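What follows is a set of notes on a single structure, which appears directly below.
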Amino acid sequence: MTLPLSHIRACLEGAIPAAMATCAPDGTPNVVYISQVFFVDDRHVALSFQFFNKTRRNVLAHPYATVLVLDPRTAAHWRLHLHYLRTETSGPLFEGMKAQLAGIASHTGMEDVFKLLGSDVYEVERVERVEGEALPPPPPRGGVLAAVRRCCTQLARSASMDDALNTVMGALRDGLAIEHAMVLMLDAASRRLYTVASMGYAHSGVGSEIELGQGVIGVAAREATPVRIVHVTHASLYTQAMRGGAGLEAATEIPYPGLAQPRSQLAVPIVSAAGVLGVLFAESGEDLRFDHEDEDALATIAAQFGAVIAQVQDDTDADTPAREAPPATAPAAPPLVVRHFASNASVFFGDDYLIKGVAGAILWKLLNEHARGRSEFSNRELRLDPAIGLPDVCDNLEARLVLLRRRLEEYGDAVRIEKTGRGRFRLAVTRPVTLHQA
């Protein structure tokens with residue numbers, strides 16, 4: 001029985017190029033350096049197929065190879081005996097390697113040379129330690145598993161989407177020492193992800209959007225697979241440039257809060273039985289900041305987070321009696337002019353953009369109902385209102401209400417959403433409001 005690849009996973013981080021040896025049908029050996037040996041599982045790796053070269057021809061003619069990898073921490077060498085199985089040209093494995101290769105290419109100044117044509121999947125028949133001196137291994141990181149355990153335990157006790165978001169951000173900051181992170185939820189209808197929580201940035205960016213497939217975040221959501229880049233990349237596909245636009249489109253853009261010059265990025269999908277719900281994303285100004293342990297930790301947290309989101313969604317469908325409303329406060333401030341643009345359901349407070357899309361449609365409904373004398377609402381009635389445009393499956397209503405509440409808080413206290421019970425909330429308005437349908 002061969003050594004499992006997880007034992008030497010540090011060798012597969014792409015920090016140091018590996019050497020690959022193949023053999024032509026006539027017995028002629030061929031040795032080349034390769035940029036990427038990608039961990040698939042304990043018995044399989046994937047090598048990047050970038051060129052139709054002699055190595056490629058040898059593998060297709062004789063599907064066996066050896067790869068020499070180096071542990072960057074100890075300088076120990078390991079030889080992998082491989083058997084070629086297949087080539088994948090799309091899907092999670094291909095996209096994960098493509099993103100990582102873009103980072104390696106940028107780090108080595110080879111952006112115009114490296115282009116992934118396919119992911120060659122090999123079975124690892126044997127892992128062999130190469131004789132030679134090595135440095136002692138560094139002490140193992142402490143506390144990662146304990147931090148994940150604490151986070152999952154707290155998540156299981158979360159009674160609301162807010163609780164769950166705060167737990168995840170606290171675990172990343174205090175348990176995993178991650179300084180910059182955000183959570184984005186997927187709006188499947190518009191094929192965009194919108195930010196509902198962030199930490200470590202100059203501005204929150206709550207409400208900012210990324211298209212599905214854009215950057216490491218968009219690719220992680222589209223392919224439902226973690227994407228990790230350990231070196232800075234200038235590849236346009238993986239930068240987080242925001243969508244351009246003009247007129248109303250440009251006026252309703254909230255700046256993306258990410259680092260201007262990230263050196264490491266890690267995005268893991270948040271998944272439930274209904275599919276991809278969003279993405280948990282972390283980044284750093286340091287190279288090699290995130291390793292496979294961080295990826296495993298965030299993937300575990302994201303999986304538990306996805307289950308909690310689904311549970312919270314179900315719980316909030318059950319109406320409970322609302323708390324009694326506080327006495328209304330006589331408005332003394334000047335009227336707040338609220339404008340609504342039906343073309344994209346955007347809402348402006350005065351000249352300031354606030355929210356759009358489904359969350360904008362919800363706010364517009366609540367304000368109109370409030371003008372008729374109502375202030376108490378339920379999640380269930382929002383779900384039953386076709387004018388709001390919630391999808392039939394995986395509507396992420398709780399996340400949209402969190403987004404709306406946080407955007408309102410950033411504007412001030414003129415309009416607030418206050419939770420009053422399970423699946424119920426109140427719209428609190430402290431100023432006279434004038435509604436204009438644009």
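Taking the C-alpha atoms only, the angle from helix 161-170 to the longest principal axis of the chain is near 40 degrees. Label sites at residue 73 and residue 30, each approximated as a point 7 angstrom past Cα along Cα to Cβ, lie 3.5 nm apart. Counting 0.36 nm for each residue step from residue 62 to residue 344 and taking away their Cα separation leaves a gain of 95.8 nm.
Dividing the mean sequence gap of close Cα pairs (under 8 Å, 6+ apart) by how many residues the stretch 4-65 holds gives a relative contact order of 36 percent. Count the net charge of all other residues whose Cβ sits under 15 Å from the Cβ of residue 167, scoring Lys and Arg as +1 and Asp and Glu as -1. That sum, taken over residues with Cβ under 15 Å, equals 0. If the elastic network links every pair of Cα atoms under 10 Å, which of 407, 383, 374 fluctuates the most in the Gaussian network model of the chain? Most flexible of the set in this elastic network: 374.
Ligands, DNA and RNA excluded, the heavy atoms of residue 71 present near 10 Å² of accessible surface to a 1.4 Å solvent probe. Once the 1.4 Å probe is applied to the protein heavy atoms, the chain comes out at 45 Å² accessible per residue. Distance from the Cα centroid of the stretch 123-166 to that of the stretch 76-100 is 22 Å (rounded to whole angstrom). Using 17 Å as the cut-off for backbone N distance, which residues of the stretch 30-73 belong to the label zone defined by a point 7 Å from the Cα of residue 129 along Cα→Cβ? 69-73, by backbone N distance to the label point.
For the residues 28, 87, 420, a GNM of the chain with alpha-carbon springs under 10 Å puts the largest fluctuation on 28. Taking only protein heavy atoms and a 1.4 Å probe, the accessible area of the chain is 54% carbon and sulfur.
Considering only beta bridges that DSSP places wholly inside the chain, some 95 percent are antiparallel.
Cross-link reach is defined here as a Cα-Cα straight distance under 13 Å, omitting same-chain residues fewer than 8 places apart; for residue 365 the aspartates and glutamates meeting it are 376, 381, 385.
The values are calculated or read from the model by the stated rules, or taken from the named source; none is laboratory data. The structure displayed is predicted, hence computed values, not measured ones. So basically every Cβ, Gly included, is an ideal-geometry build from the backbone, and we count neighbours across all protein chains shown. All accessible areas refer to the heavy atoms of the entire protein, side chains included, with ligands and DNA or RNA removed. Shrake-Rupley method; radii C 1.70, N 1.55, O 1.52, S 1.80 Å.
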